[in-house]
Amino acid sequence: MGRGFSGGYGGGRMGGGGINMNMLKQAQKMQQDMLKAQSEVEAQEFSAASGGGMVTATVNGTRELVKLTLDESAVTDASAPEDVELLSDAIVAAVNEALRKAEAAMSESVTKFTGGMNLGL
């Protein structure tokens, strides 16, 4: 009884091992592809404007601010406190929107490989 059982069981394990190796290779390829896609997104730049085009912020895919452009009109008459506050708010809004664009691109890149599964990334 033990002999027949272990022989059949062992044979099943060998077949399962082959499938598992194939799955492992597929998972490794998927991981490599996902890392490549993430690197591509990290190299991109994402821009957003606010304040009617008064401020434009550009971030990269690693969520770093790489450029901030202010329209001349935004700084020529920024001596009034309300103008400075408006400019500050416009800068924050432009930076945050550019960061949202970068995050959305990264999420889209990861979702291509995970099929929408939440992997805690």
- Query: Which residues, taken from segment 63-92, are under 30 Å from Leu35 (Cβ atoms), free of Cβ contacts under 8 Å to residues at least 24 places away in the same chain and part of a loop (DSSP other than H, G, I, E, B)?
  - Reply: Glu64
- Just one of (1) more than 30 Å from Gly115 (Cβ to Cβ); (2) under 18 Å from the mean Cα position of the chain (by Cα); (3) not basic (Lys, Arg) trips up Ala94, so point out which. (2)
- Query: With respect to the numbered conditions (1) modelled with pLDDT of 95 or more; (2) outside any helix (DSSP H, G or I), which one is the sole condition not fulfilled by Lys101?
  - Reply: (2)
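The values are calculated or read from the model by the stated rules, or taken from the named source; none is laboratory data. All values derive from a computational prediction rather than experimental measurement. All Cβ positions, even for glycine, are placed from backbone atoms using ideal geometry, and neighbour counts span all protein chains on display.
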